[in-house]
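Worksheet for the structure shown next.
The values are calculated or read from the model by the stated rules, or taken from the named source; none is laboratory data. Computed from a prediction, not measured in an experiment: that's the story for all the values here. Here the Cβ positions follow ideal geometry from the backbone for every residue, glycine too, while neighbour counts run over all protein chains shown.
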Amino acid sequence: MSKKETKPIVLTVAGHDPSSGAGLTADIRTFENVGVYGMSICTAITIQNAEKVFEWQSVDINLVKKQFNVIFDSYEIKAVKTGMLGSKEVINLVKEYKENNDFTLVVDPIIMSGSGTRLADENYEDQIMNKLFPVVDVITVNKFEAELFSKKTITDVQSIQDVGAAVYELGPKNIIIKGGHIEEKGNKVLDYLYGDYGFSFYPRERVQIFEGTHIHGTGCIFSSLITGFLGLEYDLEESIFLTEDFMEDVFQNIFPLKQGQILDVGYSGDDIRVLKQVQKVVAFITENPNFSRFIPEVRTNIAISKPTAKSLDEIAGIEGRITVVNGLPRAAGPIKFGANNHTGRLLLTAKKLDNEINAVINIKYDPNTILNLKDTRLIMMDVDRLKQNKQLNSEENTTMGWIVREAYDQLHKIPDIIWDNGEKGKEPMIRLFARTSDKLIQKLKLFLNLV
C-alpha cells in the first residue's frame, strides 16, 4: 500500500440481493454507518424482492478466487463477514484466506432465506462445520441454525446454554445465538453469547410488528454490525453492546416497501465515532476509583458533539449521569444522543462561539482544586451567577448559555475551565471544556494528579 488507510477496511463475502435489504449491499451500507470502509466479494446472484427469493445462481468459482486475490493483494483487511457462500468451494476459499491472513472472521451461516428458499448446495452445513467452525472467531446463528448445528432443541435458557456449549465444541471461539425467534417474557429480545466470555445475554426492546409480516435482512445487519465494531477494535462484548443499541434504534426506522419491508440503517459514521468517544471517557472515569471525589451532588455528565452539532439530538451523553456506587464512579445508564440537558446546552453555546469545542464535563467544585490547578497550563475563568438578571435566573436552560457567554466575553475565547461559587439553590460547579475526547481525558488526568 502506498498510503495508509485512514479508517479500518472490513470485507463482506456474500450474495447480491437486488432489494438491498440483505446481502452485500446491506453489509456495505451498515459498515459505512459504523465508520469502517466496506469492501465486498460477490459469491452469488439472487433473484428476489424483500419478501421472497425466486432463484439464485453461484458466481463462477474462478471469478470468486480472482476477487479474493485482488482484495487481499491490495489492502489490509481488519475483519471479514461471510453471508451467503452457497458452495463448498467458496467455504474452502474463506478457510484458506483465514489461515494465511490476520483478520477477525465473523460467519453468518446463511442456509435458508426467510421465505424458506434454500440458499446453499447439498451438505453445505457439514462443510461449514468441518471447514469454517475450527477457524471462525464469531458465528452468529438464529434459533433454527443453532438447533441444526447442535442437534439439540431450544426450549428455555438452560437449553440455550446447552446448545451454545454443543456448537462451541465444534470449534468456534464464540457463538452468538440471536433471540428474535425465541419467545421471552415481557417485551424483550435476548441475544446470547457462549464462548471465550462464558455464557451471557444481552437484552433489547422487541419491536411489535403485524402478525404474519417479516422484516427482511435483520440477521444480516446484526452480523455486519458485529463485524464493523470488531474492525474498529472494540472487544466482542463491547461490539455486542453497541450492536444491541444500534439494533434497538434502527428498528424504529422500518422502511415499508410495496413488496415487503426492510430496515433503514439510521446511524451515521459520525454518530458511531461520537458514541465511541463518550464510551472512552466513561471507561477512563470508571477505571479510576479516585475520580469519585470529583463527582458533585447533582452527579456528573459528559457531553460530546458531532462536529457540526446544532441541537441536543446531535450531542451524546449518559442517560442517568455518572454516579458513585460503593465509593466507585459508575455510569447510571446507557450512552445516547440527547441524553443530557445541562451539559448539552453548555456545549451548544460554546460551539456557537468556537465550533472547535466538542466536549464538556461537569465536576465537583472545591476551592483547593481551583487553587492547585493554577499551577497547570489550564485557562480558567470564574463567573458570578448572582450577576444573572432575574429573568435568566428563572430559566435554567438559558442560564447554561449565560455562563459560557459571560466567560467568553471576559476572555474572548472558551477557557478550559469555567467555575462558579453557586448561589441559593445552585451547587457550585466546575465545567471542563475540550476539543476532543482525548484532550478531555488529558485534562481529567490533571485533576487525578491532585489526589
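Filtering region 49-66 to residues that are buried (at least 18 other Cβ atoms within 10 Å of the Cβ) and closer than 23 Å to K88 by Cα leaves V53, W56, S58, V59, V64. Checking each residue in region 213-232 for being farther than 10 Å from F31 by Cβ and at pLDDT 90 or above picks out F222, S223, I226, F229, L230, L232. Taking the criterion of being within 15 Å of K336 (Cα to Cα), at pLDDT below 75 and not acidic (D, E), the only residue of region 236-251 that qualifies is V250. Scanning region 337-356 for residues that are surrounded by 19 or more Cβ atoms within 10 Å (Cβ to Cβ) and among the charged types (D, E, K, R), we see that the one that is farthest from I285 (Cα to Cα) is K351.
Taken over region 223-239, the criterion of being touching a residue at least 60 places away in the same chain (Cβ under 8 Å) and surrounded by fewer than 24 Cβ atoms within 10 Å (Cβ to Cβ) is satisfied by L232, E233, L236.
Looking at I441, I430, just one residue is part of a strand (DSSP E or B), at pLDDT 85 or above, among the β-branched types (V, I, T) and more than 14 Å from T349 (Cα to Cα), and that residue is I430.
Exactly one of (1) surrounded by fewer than 16 Cβ atoms within 10 Å (Cβ to Cβ); (2) more than 27 Å from F229 (Cβ to Cβ); (3) in contact with a helix residue (DSSP H, G or I) (Cβ under 7 Å, 6 or more places away or on another chain) is unmet by N101. Its number? N101 satisfies every listed condition except (2).
The sole residue among D137, D156 that is in contact with a Pro (Cβ under 9 Å, 6 or more places away or on another chain), in the same structural domain as K81 (by TED's automatic domain parsing) and not basic (K, R) is D137.
Taking region 67-92 as the range and being of a type in the set (D, E) and either touching a helix residue (DSSP H, G or I) at 6+ places or on another chain (Cβ under 6 Å) or crowded, with 17+ Cβ neighbours inside 10 Å (or both) as the test, only E89 passes.
Per-residue answers, yes or no, for (1) within 27 Å of the chain's Cα centre (by Cα); (2) assigned to a helix (DSSP H, G or I):
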| residue | (1), (2) |
| --- | --- |
| V80 | yes, no |
| G86 | no, no |
| L93 | no, yes |
| N130 | no, yes |
| I139 | yes, no |
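Looking at region 337-365, which of its residues are among the charged types (D, E, K, R) and free of Cβ contacts under 8 Å to residues at least 60 places away in the same chain? The answer is R345, K351, K352. Filter region 29-47 down to residues that are within 15 Å of the chain's Cα centre (by Cα) and polar (S, T, N, Q) and give me whichever is surrounded by the fewest Cβ atoms within 10 Å (Cβ to Cβ). Once the filter is applied, the top-ranked residue is N33. Selection of region 414-437 for residues being more than 16 Å from R299 (Cα to Cα) and either in contact (Cβ under 8 Å) with a residue 60 or more places away in the chain or among the aliphatic types (A, V, I, L, M) (or both) yields I414, I417, I418, F433, A434, R435, T436, S437. Looking only at residues in region 119-146 that are in contact (Cβ under 8 Å) with a residue 12 or more places away in the chain and polar (S, T, N, Q), which one is surrounded by the most Cβ atoms within 10 Å (Cβ to Cβ)? Applying the filter and picking the extreme gives T140.
Is it the case that region 334-349 has a residue that's in a strand (DSSP E or B), under 25 Å from R293 (Cβ atoms) and of a type in the set (V, I, T)? First the steps, then the outcome.
Step one: filter region 334-349 for residues in a strand (DSSP E or B), giving 335-337.
Subset that is under 25 Å from R293 (Cβ atoms): 335.
With of a type in the set (V, I, T) added as a condition, the list becomes 335.
Taking every residue of region 334-349 in turn, at least one turns out to be in a strand (DSSP E or B), under 25 Å from R293 (Cβ atoms) and of a type in the set (V, I, T).
For region 395-428, which positions are crowded, with 20+ Cβ neighbours inside 10 Å and more than 29 Å from D270 (Cα to Cα)? Matches in region 395-428: A407, W419, D420.
Quick one: count up the residues across region 294-313 that are charged (D, E, K, R) and either touching an Asp or Glu at 6+ places or on another chain (Cβ under 9 Å) or crowded, with 22+ Cβ neighbours inside 10 Å (or both). Step through it out loud before you land on a result.
Quick first cut of region 294-313, residues charged (D, E, K, R) only: 297, 299, 306, 310, 313.
Narrowing further to those that are either touching an Asp or Glu at 6+ places or on another chain (Cβ under 9 Å) or crowded, with 22+ Cβ neighbours inside 10 Å (or both): 297, 306.
Total meeting the criteria: 2.
Just one of the numbered conditions (1) of a type in the set (G, A, S); (2) over 33 Å from the mean Cα position of the chain (by Cα); (3) within 20 Å of P307 (Cα to Cα) is not true of A434: (2).
Among the residues of region 316-336, the ones that are within 25 Å of N421 (Cα to Cα) and free of Cβ contacts under 8 Å to residues at least 24 places away in the same chain come to 2 in all.
Here's the yes/no breakdown for (1) under 20 Å from E248 (Cβ atoms); (2) modelled with pLDDT under 90; (3) under 17 Å from the mean Cα position of the chain (by Cα):
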residue	(1), (2), (3)
T286	no, no, no
S305	no, no, yes
A309	no, no, no
L312	yes, no, no
N341	no, yes, no
G344	no, no, no
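Picking from A50, A26, A14, which residue would you name as being within 28 Å of the chain's Cα centre (by Cα) and in a helix (DSSP H, G or I)? A26 is the lone residue from the list that is within 28 Å of the chain's Cα centre (by Cα) and in a helix (DSSP H, G or I).
Would you say V298 is in a strand (DSSP E or B), in the same structural domain as E406 (by TED's automatic domain parsing) and either in contact (Cβ under 8 Å) with a residue 40 or more places away in the chain or of a type in the set (A, V, I, L, M) (or both)?
Values: in a strand (DSSP E or B): no; in the same structural domain as E406 (by TED's automatic domain parsing): yes; either in contact (Cβ under 8 Å) with a residue 40 or more places away in the chain or of a type in the set (A, V, I, L, M) (or both): yes.
No: the conditions fail for V298.
Examine region 314-332 for a residue that is in a loop (DSSP other than H, G, I, E, B), loosely packed, with under 15 Cβ neighbours inside 10 Å and in contact with a helix residue (DSSP H, G or I) (Cβ under 7 Å, 6 or more places away or on another chain), and state whether such a residue exists. Scanning region 314-332, I find at least one residue that is in a loop (DSSP other than H, G, I, E, B), loosely packed, with under 15 Cβ neighbours inside 10 Å and in contact with a helix residue (DSSP H, G or I) (Cβ under 7 Å, 6 or more places away or on another chain), so the answer is yes.
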